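Everything below concerns the one structure shown next.
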Amino acid sequence: MKTGIRQHQLIIVWLALLLLSLIGLGGVKAGFHGLVFSLALLLVAGLKIQLIADWFMSLREVRMFWRLIMLGWVLVVTGLIAIAFIFTPPV
Amino acid sequence: MLVSSKLKYPRGDLAVWAFIYAELLVFSLFFVGYAFARMLHPAEFAAGQQTLNPVLGLVNTVFLLTSGWLVAAAVLACESGSRSLALKKLVVATLLGLAFLAVKGYEIGHHFAVGYDLDTNTFHFLYLFMGSFHFMHVVLGAGVLVILAVKVNRGDYSNGELRGLESGAAYWHMVDIVWMILFPLVYLMR
């Protein structure tokens, strides 16, 4: 693939990452909080990590095994965090 | 016979990738530990989060994401032989890394100045510990970026052997990945 196209793809990924980050803080500033909002933020975090891994670290070009390690890490970490949040008593 | 067009191994040195996955594992223990500590002390964590400034966290997110994009673009530029372009991107990426450190340093310093420290309670311990631990990784990563910039400037990657550059870049992206969980977990998830 031509370098120019790949550079443009990186810009699109970067802009998507910025947008996803703004949405998170925007939600907090708009007064969103609680379990559902926290789980949504975890989902967005997982998505951002996959974007970074696939496009910035070029894992999309590599055999599935290496991508699965990253995906597995994301799922386990965000899953355990989600479990802890689900079982946290309301303040 | 079908032959996969995928690379067998990730770009960069495999030892660096093993190091990256080990680092992610260590950070994940802190993240999960934070979440379960919050489960035990919800009121303490809710009050602690009120003392943080999420706007500064977002500013630092923008710094790291932009820096990460520039490093990825620098690798591509180097691959296509645009050495000067790669150098410029790496220099700006390093400066953004330093900007992250300045903001985070201010934040941690302010936290101490208003009277919170590692002994205050579990939330402040974890906030300061995880933040400082990540801070040290950014310091190391910024140092790596400086070395990469020097090597690009010297033309060390002109022969098409980019493994060193790709390894350093992968480390920097790992620092980025950690922040993608650390920021929402500590600042936003209430």
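Bear in mind that the values in this text are calculations on the coordinates, not laboratory data. Because the structure is predicted, anything quoted here is derived from the model rather than measured. Cβ: placed from backbone, ideal geometry, glycine included. Neighbour counts: every protein chain shown.
Here is how the numbers come out for the structure above:
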read-out	value
Which listed residue, of B:ALA77, B:ALA86, is free of Cβ contacts under 8 Å to residues at least 40 places away in the same chain and buried (at least 17 other Cβ atoms within 10 Å of the Cβ)	B:ALA77
Residue in segment B:111-119 that is within 14 Å of another protein chain (Cβ to nearest Cβ), farther than 24 Å from A:THR78 by Cβ and surrounded by 14 or more Cβ atoms within 10 Å (Cβ to Cβ) present	no
Residues located in segment B:91-114, provided they are more than 19 Å from A:LEU15 (Cα to Cα) and touching a residue at least 60 places away in the same chain (Cβ under 8 Å)	B:HIS111, B:VAL114
B:VAL16 within 18 Å of B:LEU185 (Cα to Cα) and of a type in the set (Val, Ile, Thr)	no
Test result for A:SER58, among the polar types (S, T, N, Q), buried (at least 16 other Cβ atoms within 10 Å of the Cβ) and over 24 Å from A:GLY79 (Cβ atoms)	yes
Residue that is surrounded by the fewest Cβ atoms within 10 Å (Cβ to Cβ) [pool: residues in segment A:29-55 that are more than 30 Å from A:PRO90 (Cβ to Cβ) and within 8 Å of chain B (Cβ to nearest Cβ)]	A:TRP55
Which listed residue is surrounded by 17 or more Cβ atoms within 10 Å (Cβ to Cβ), within 30 Å of A:ILE12 (Cα to Cα), more than 9 Å from chain A (Cβ to nearest Cβ) and aromatic (Phe, Trp, Tyr), from B:PHE27, B:PHE63	B:PHE63
Looking only at segment B:51-60, and only at residues there that are of a type in the set (A, V, I, L, M) and out of contact with any Ser or Thr (no Cβ under 8 Å at 6 or more places or on another chain), the one that is surrounded by the fewest Cβ atoms within 10 Å (Cβ to Cβ)	B:VAL55
B:LEU165 surrounded by fewer than 16 Cβ atoms within 10 Å (Cβ to Cβ) and not in a loop (DSSP other than H, G, I, E, B)	no
Where B:TYR106 falls short, out of the listed (1) facing chain A (nearest Cβ under 9 Å); (2) hydroxyl-bearing (Ser, Thr, Tyr); (3) assigned to a helix (DSSP H, G or I)	(1)
Output for segment A:49-91, where each listed residue is small (Gly, Ala, Ser), part of a helix (DSSP H, G or I) and without any contact (Cβ under 8 Å) to a residue 24 or more places away in the chain	A:ALA53, A:GLY72, A:GLY79, A:ALA84
Candidates B:VAL146, B:VAL138, B:VAL150, filtered to the one that is more than 30 Å from A:GLY34 (Cα to Cα), surrounded by 22 or more Cβ atoms within 10 Å (Cβ to Cβ) and either more than 14 Å from every other protein chain (Cβ to nearest Cβ) or in contact with a strand residue (DSSP E or B) (Cβ under 9 Å, 6 or more places away or on another chain) (or both)	B:VAL138
Flag if A:GLY26 is more than 19 Å from B:TRP179 (Cβ to Cβ) and either more than 8 Å from chain B (Cβ to nearest Cβ) or in contact with a Cys (Cβ under 8 Å, 6 or more places away or on another chain) (or both)	no
Single match in A:VAL91, A:VAL74 (criterion: buried (at least 19 other Cβ atoms within 10 Å of the Cβ) and either aliphatic (A, V, I, L, M) or on the phi > 0 side of the Ramachandran plot (or both))	A:VAL74
Only listed residue being closer than 26 Å to A:LEU80 by Cβ, of a type in the set (Gly, Ala, Ser) and out of contact with any Lys or Arg (no Cβ under 8 Å at 6 or more places or on another chain), chosen from B:ALA102, B:ALA35	B:ALA35
